[in-house]
Amino acid sequence: MKSRNLERYPAWSDAQEALKYITKGKARGSKVGLWVRGESQQRFGFLGKWAGNRGGLVLFIGIIPLAILCLAIQQILLDTTLASLWTPDSGRLLQELNYVSRVSGLTTDTNEMLIQTPKENGHQSMLNPKALLEHLLVLQKALSVTTDLYEVTWSLKDLCYSANMVEFDIQFIDQIFEKIFPCVIITPLDCFWEGSKLLGPDFPIQIPAFQGPIKWTNLNPQELFMKAKLAGDASVAEFTYEILDGFMKRAGIGSGYQEKPCLNPQDPECPATAPNKGSRTPPDVASIMAQGCFGFAPRFMHWAPDLIIGGTVHNKSGQVIKAGGLMSTVQLMSSSELFEFFDKTWRLHHVEWTEPKAQAVLTAWQTRFALEVSQLTMDEDRSQQFNFYSFTPAGLDSVVESASQFSWSWGIARVVAVVITSAIVGVALGSSGGNEDPDAKVPWKVRMGLVFGGSMVALLGTAAGGGAACFLKIPFNVVSVQVLPYLTMAMVSQVFYILLYSQINSNSDAKSTLKKHGWSLMLGVVSSAVFIAAGALFPIPAVRSLALQGAIFVTIGSFALLLLYPAVCQMVLKRRKAPSPTIRNEVSMKTMNNIKGPGIPLVHVDKKSSEMSKEYFMKNNNVTMNNTSANNTKLNFEKFNEDPAMVDLEAGNQDSCETCAVKSWVDLYLLLINWKWFTGIVLLMYISVVIAAGVGISKLRLGLPITDVVPSHSAEWEFLTAQGKLFPVYHMKAVTKANFDYPSKQKLLHKFHETMSGLPWVIRDDNGGLPPMWLSLFRSWLLRLQEVFDQEWKLGYLHKDGWKEGASADGILSFKLAVQTGHMDHPVDVTQLPNTRLVNGDGEINPRAFYVYLTAWAWNDPLAYGSTAANMKPEPRSWVHNPEDKDLKIPKSAPIKYADITYLLRTSQEGDLPEQHQESQILAFVAEIRRICETFETRGLPVFPWGIPFRFYEQYLNLPMNSGIVLGLAAGMTCVILFFSLGFSLRPVAVVVTISLVTMSQIAGTVGWLGVGLNALPVEISLLGVSFIVFISIQIVVAFCCIPGTVLDRYAVSFNLVGPPCVQSLVLITLTALILYSPDFTFIFTHFTLLIAISSLFSLVNFLLLLPVLMTTIQPQCWLVGFSKIDPTLLAPLTPSPVVKRKSSKSSSGRSSSRSGGRSSRNNYPPPPYNLRGSNFNKGSYHSGRAPTSRTPSEHSLSTITEEPTSCATRRSTEVIVQPQVVVETFDRESSATKVSLNAKFKVEVHSSVHSNPHTCVNTSTNMSENSGTSGSTSSSGSFTSSSASSSTSSYNDKIPAED
């Protein structure tokens, strides 16, 4: 019967065999844990056996699917739009954004902006004529660019937002106003006459009866109007002048720019009406711009100082004395507005005009604008004094897209750096010193080659993970391209470092390695993937992609290593272990001088202290008492040196005298954790660490500056940096939706506007008044008409039958409005005159005719309507008032489904506000405005905020709750997985969860201390960092549960098994984080290079210091423990010992001889001619073939097998049969030494007597199944005297098969 070849720790090496001890009642432990591990070991063992025997086939079969997945990378989907990457794509905000896009067609702002600052480290103020003139020159040339697309030349006039003008249905007048009305440009130059140079028109207007071309530089609108009125063109009705005059007065259009001061009074074109014409004294720019600037329509075009000058410094009286920057903004149409404006026009009749083409036109022109600014700033004189930064949303997306593209040079360089680093770490820290077999030691070149092979498999698995992510349509971004692949290569190194360490240091084959480590590795990979993938619950697309792709990369890369890397190692190592042609059989057993246990320093055993060696032998080798050959204990006898023979009682943990002299870092570490003060010092240290982490957590600030996610030192990054520092002003809109009765709930809308205007962040006008709202201007227009109606009704110009000659245009319009009923069936009712009021006494517009009045206001006061930027949807119906038209019917507009209320918000009054304070201010007004909107929504007003701050910052309002959910779910799922996988035991789960929470708190505290803005990305990176400690802790915990003994011994053995490669992987991850540094993106350094390195260092420290304290404190149960109270590592035999019948000495000797003869006949070997001193063998029995006639029974044995009860008056004897494994060193003259494992059967008989002078006789007979020579020594203590037995060496010429 073939004997079982069990190792010392059955739960670790063969859990199914270990489970039998519990089922047969020979031990106690966790049946579930052993069953789960046993089932997994069976499958991993099959995989390892297949990889070991057919390594080439395994590599071929494994590489094919990985290569197929790599091909899917061609279908990569890149997402490079900041708005889509960092804007939540679920929840309330997504619904609001979809509503705005669906109803209004507006997706983002399309303004073109230019910022001018002094040179770096310059302290000069920008409030001087020279700076403004340079600003004018650059802006004027940049705005003159054109672009050719779709066979059309596009200029600024085609794309910009222009002020609306009243239509007169008189062609030449409408053409004049269309050309003369300029683009809306918010600029500090509007404070001066030079601002008119930006308004054009590009081609001056020629008007009959007027001398010279007309441009805004010489246009006086009021004077022109008076001349036209005096000219008295017969084709122009009197009412037309009256309407135009009223329009100009309401807009505040007067002399235009002719009465504004000139920046250069010596300019020949400076008008004579300028207050400083010809003056040699420069204008006081600071005082002129103190209250802001005004456009050509001052009433509706007031540019607040915060919009045009930034970084201001005020004196004690509040006057601006210094500014650090100037900014101009050109308002462009959105793509939907541009599409609607040119749809069905003659210019594009040859093109299938679509909204994407409109967006292409906008992008092309903005790109030309930015390029022109860049070229202008290269002027030597200008570049030495000022910086100019331009910004366009299209340019921002373009620069992010270019930075997100994969660079082969950078990619190859980083891969090579990671591979070289992994090889250096693998060789430098790969040896465990005293635990490595010196005879099987792998040269550093071979070890480095194996590490290179593992890195290549990791690279292939990572690439396959990328292909799987592409196949699943998970969009890639800059993090997926620039960071994740290289970080994943380092993370999966945890797997191949452990596999390599096991195969080299314990001299195991692929099957044994996967049986021992496969289950724990898979459990660690799954738990790590759970932590990483938990970040997908955040509604941020960039973070979700990072979480899902990270989990996929780690999972596929790790399982690729589990499948392929054992085959690689086995193929290389098996070739090195090939046996030599000739084997020299020379085995000698000498005195056992030293015994080394797991994790315990070598102990010298004196020959006289035989009892000590016996007890140590029993304790450290789990000798099982069993007289049958089916379950004999395996011992390893190995030749360590030529002179002093060493016996190692632990398989795979041999030591040499050379490694004893210099202890490795593992030995020093194990000595450290055995120090009596270790636990106390670690606990005190971690109490301090937790307190420091708590302080750091209290310093956490929410936010992610947009400059962090934009490529550094690009034009867009420079602009955003300057804007955040100098112009902390944000545009926002309060969007009112459908399902709201605007006519009957006007008070609620006014109350909302008053509440919003009362916020400290809202910019008011120069008189401290409320910013305009469409409903307020609408009401003001109607109130003015109501006054005209009342006045002319009293004068008799208006009556129930109509109006008389002399009635004004506004009077006639008010009459038409007053008779409107708002009903479609009978829209006009003159009987309600004069009692009907356009606006009642409560300040509410007549609800019944509300939408009729809206039609009249939108088209007859277009400048006021356009200035509110209400952007109503559906747009009011078209109707232009004609005083000569007797028709009283006015079309009624459709109910409002969408309307904007615009606000300007600022975070500070003074410049140079710290970025952290700005972000806190943004979050404060975002939270407050959202609270106001929710309050009014409960009162019946469906309103929500819209703008950049809400798109990018509102996510932080729910970040604490979302982070708690993500962390709780990750920890909960990991607990469930570990609970069911580790034998329904809470203690190992508690160890993993505790160390994970401590690591998370350390990372969070560090984020607070470093001042990194907290957002979803650092939380996901923290989960990534926690996955490091989760993985390696699971490896230790699983090994700890399989090892019996004291707590410190269990941890020492566990650390020897998996600790060194775990340390290797953490060191590699730390170094890889430094490789990831990218100068293009700030957040890659702050969030990945910095946080990943810190997380891995925390994991390393916690693994080495905190984990042993937790293990010794919580003490997870061992899955297999014996019933012995003295030493629970001792296991009872699986089958009971046979009862030895009491016979005479003769019969006993005969039985012994027959056994030897039978064994010999089965193996075709005669029994060796033993002649042991003290035995009762018949000297002639061997030669005659007869069995010995007698044997002295013994009460004592070298094993722990329970002896049979015997009589005290008789001499007793017992035989013990052990079957150890002998390691034989064989070599020939031409090849290196080779170790061969042999199985030998020893029969040891111990005889004793109960006389007063007892004498112990040890009879050792050997029946070897292979050619061997042995030398043994036994001893006893107590009341017995020691007796030794020796045997002669016999050798045979039979060939001995060698094992790997």
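The values are calculated or read from the model by the stated rules, or taken from the named source; none is laboratory data. Source: prediction; values computed, not measured. Reconstructed Cβ throughout: ideal geometry from the backbone, glycine too, with neighbour counts over all protein chains shown. The accessibility values were calculated without ligands, DNA or RNA, using every heavy atom of the protein model including side chains. Shrake-Rupley method; radii C 1.70, N 1.55, O 1.52, S 1.80 Å.
Considering only residues of the range 1041-1096 that are modelled with pLDDT of 85 or more and of a type in the set (D, E, K, R), which is nearest to the chain's Cα centre (by Cα)?
Per the criteria, the residue is 1050.
For residue 553, indicate whether it is within 27 Å of residue 1036 (Cα to Cα), out of contact with any strand residue (DSSP E or B) (no Cβ under 6 Å at 6 or more places or on another chain) and touching a residue at least 60 places away in the same chain (Cβ under 8 Å).
Spelling it out, residue 553 is indeed within 27 Å of residue 1036 (Cα to Cα), out of contact with any strand residue (DSSP E or B) (no Cβ under 6 Å at 6 or more places or on another chain) and touching a residue at least 60 places away in the same chain (Cβ under 8 Å).
Quick check: is even one residue across the range 996-1010 closer than 17 Å to residue 1084 by Cβ and open to solvent by 10 Å² or more (accessible area, probe 1.4 Å)?
yes
Could you list, in sequence order, all residues of the range 764-777 that are buried (at least 16 other Cβ atoms within 10 Å of the Cβ) and in contact with a strand residue (DSSP E or B) (Cβ under 7 Å, 6 or more places away or on another chain)?
Correct list: 771, 773, 774.
For residue 127, all conditions in the list (1) at positive phi; (2) at pLDDT 85 or above hold save one; what is the number of the exception?
(1)
Among the residues of the range 784-821, count how many are in a loop (DSSP other than H, G, I, E, B) and either open to solvent by 40 Å² or more (accessible area, probe 1.4 Å) or among the charged types (D, E, K, R) (or both).
Total meeting the criteria: 6.
Assess whether residue 523 counts as being within 25 Å of the chain's Cα centre (by Cα) and open to solvent by 10 Å² or more (accessible area, probe 1.4 Å). Steps first, please.
Details: within 25 Å of the chain's Cα centre (by Cα): yes; open to solvent by 10 Å² or more (accessible area, probe 1.4 Å): no.
Criteria not met by residue 523.
Could you grab me the full set of residues in the range 650-698 that are open to solvent by 80 Å² or more (accessible area, probe 1.4 Å), closer than 19 Å to residue 1062 by Cβ and modelled with pLDDT of 90 or more?
None - no residue of the range 650-698 is open to solvent by 80 Å² or more (accessible area, probe 1.4 Å), closer than 19 Å to residue 1062 by Cβ and modelled with pLDDT of 90 or more, so the list stays empty.
Starting from residues that are hydrophobic (A, V, I, L, M, F, W, C) and open to solvent by 60 Å² or more (accessible area, probe 1.4 Å), keep the ones in the range 947-970 and report whichever is farthest from the chain's Cα centre (by Cα).
Per the stated criteria, the residue is 948.
Being under 27 Å from the mean Cα position of the chain (by Cα) and either farther than 30 Å from residue 326 by Cα or in a strand (DSSP E or B) (or both) is the filter here, so list the residues in the range 702-748 that pass it.
Selection gives 702 alone.
With the condition kept exactly as written, say whether any residue in the range 489-505 is closer than 24 Å to residue 566 by Cβ, assigned to a loop (DSSP other than H, G, I, E, B), open to solvent by 10 Å² or more (accessible area, probe 1.4 Å) and out of contact with any strand residue (DSSP E or B) (no Cβ under 7 Å at 6 or more places or on another chain). Can you show your working first?
Filtering the range 489-505 for residues closer than 24 Å to residue 566 by Cβ gives 489-505.
With the extra rule that they be assigned to a loop (DSSP other than H, G, I, E, B), the set shrinks to 492.
Keeping just the survivors that are open to solvent by 10 Å² or more (accessible area, probe 1.4 Å) gives none.
There is no residue in the range 489-505 that is closer than 24 Å to residue 566 by Cβ, assigned to a loop (DSSP other than H, G, I, E, B), open to solvent by 10 Å² or more (accessible area, probe 1.4 Å) and out of contact with any strand residue (DSSP E or B) (no Cβ under 7 Å at 6 or more places or on another chain).
Among (1) among the aliphatic types (A, V, I, L, M); (2) more than 23 Å from the chain's Cα centre (by Cα); (3) part of a helix (DSSP H, G or I), where does residue 992 come up short?
(2)
Of (1) at positive phi; (2) open to solvent by less than 20 Å² (accessible area, probe 1.4 Å), residue 984 satisfies all except one. Which?
Tallying (1) at positive phi; (2) open to solvent by less than 20 Å² (accessible area, probe 1.4 Å), residue 984 fails exactly one: (2).
Restricting to the range 75-119, give me the number of residues that are in contact with a helix residue (DSSP H, G or I) (Cβ under 9 Å, 6 or more places away or on another chain), open to solvent by 50 Å² or more (accessible area, probe 1.4 Å), closer than 26 Å to residue 469 by Cβ and part of a helix (DSSP H, G or I).
Residues flagged as in contact with a helix residue (DSSP H, G or I) (Cβ under 9 Å, 6 or more places away or on another chain), open to solvent by 50 Å² or more (accessible area, probe 1.4 Å), closer than 26 Å to residue 469 by Cβ and part of a helix (DSSP H, G or I) within the range 75-119 amount to 1.
Of the residues 1059, 1045, which is open to solvent by less than 10 Å² (accessible area, probe 1.4 Å) and touching a helix residue (DSSP H, G or I) at 6+ places or on another chain (Cβ under 8 Å)? Break it down stepwise before answering.
Details: 1045 fails: open to solvent by less than 10 Å² (accessible area, probe 1.4 Å).
On inspection, the qualifying residue turns out to be 1059.
Under 6 Å by Cβ, and 6 or more places apart or on different chains, what pairs join a residue from the range 389-413 that is farther than 10 Å from residue 366 by Cβ with one that is part of a loop (DSSP other than H, G, I, E, B)?
From the range 389-413, the pairs are 397/81; 399/711; 399/714; 400/80; 401/80; 403/711; 403/1080; 404/80.
Considering only the range 426-475, how many residues are at pLDDT 85 or above, open to solvent by 10 Å² or more (accessible area, probe 1.4 Å) and assigned to a helix (DSSP H, G or I)?
Residues flagged as at pLDDT 85 or above, open to solvent by 10 Å² or more (accessible area, probe 1.4 Å) and assigned to a helix (DSSP H, G or I) within the range 426-475 amount to 9.
Considering only the range 55-66, state which residues are in contact (Cβ under 8 Å) with a residue 12 or more places away in the chain and aliphatic (A, V, I, L, M).
58, 59, 63, 66
Quick check on the range 989-997. Is at least one of its residues in contact (Cβ under 8 Å) with a residue 12 or more places away in the chain and touching a Gly at 6+ places or on another chain (Cβ under 9 Å)?
Checking the range 989-997: not a single residue is in contact (Cβ under 8 Å) with a residue 12 or more places away in the chain and touching a Gly at 6+ places or on another chain (Cβ under 9 Å).
To keep it simple, each residue is scored yes or no on (1) over 30 Å from residue 100 (Cα atoms); (2) out of contact with any Phe, Trp or Tyr (no Cβ under 9 Å at 6 or more places or on another chain).
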residue: 322; (1), (2): yes, yes
residue: 333; (1), (2): no, no
residue: 348; (1), (2): no, no
residue: 358; (1), (2): no, no
residue: 366; (1), (2): no, yes
residue: 372; (1), (2): yes, yes
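Scan the range 878-925 residue by residue and report those that are assigned to a loop (DSSP other than H, G, I, E, B), at pLDDT below 90, crowded, with 18+ Cβ neighbours inside 10 Å and of a type in the set (S, T, N, Q).
Answer for the range 878-925, where residues must be assigned to a loop (DSSP other than H, G, I, E, B), at pLDDT below 90, crowded, with 18+ Cβ neighbours inside 10 Å and of a type in the set (S, T, N, Q): just 907.
Applying the selection to the range 822-841, what residues are more than 22 Å from residue 895 (Cβ to Cβ) and open to solvent by 10 Å² or more (accessible area, probe 1.4 Å)?
Answer for the range 822-841, where residues must be more than 22 Å from residue 895 (Cβ to Cβ) and open to solvent by 10 Å² or more (accessible area, probe 1.4 Å): 830, 831, 832, 834, 835, 837, 841.
In this structure, is residue 737 among the basic types (Lys, Arg), in contact (Cβ under 8 Å) with a residue 12 or more places away in the chain and surrounded by 19 or more Cβ atoms within 10 Å (Cβ to Cβ)?
no
Taking residue 980, is it out of contact with any Gly (no Cβ under 8 Å at 6 or more places or on another chain) and modelled with pLDDT of 90 or more?
Details: out of contact with any Gly (no Cβ under 8 Å at 6 or more places or on another chain): yes; modelled with pLDDT of 90 or more: yes.
So residue 980 fits the description; yes.
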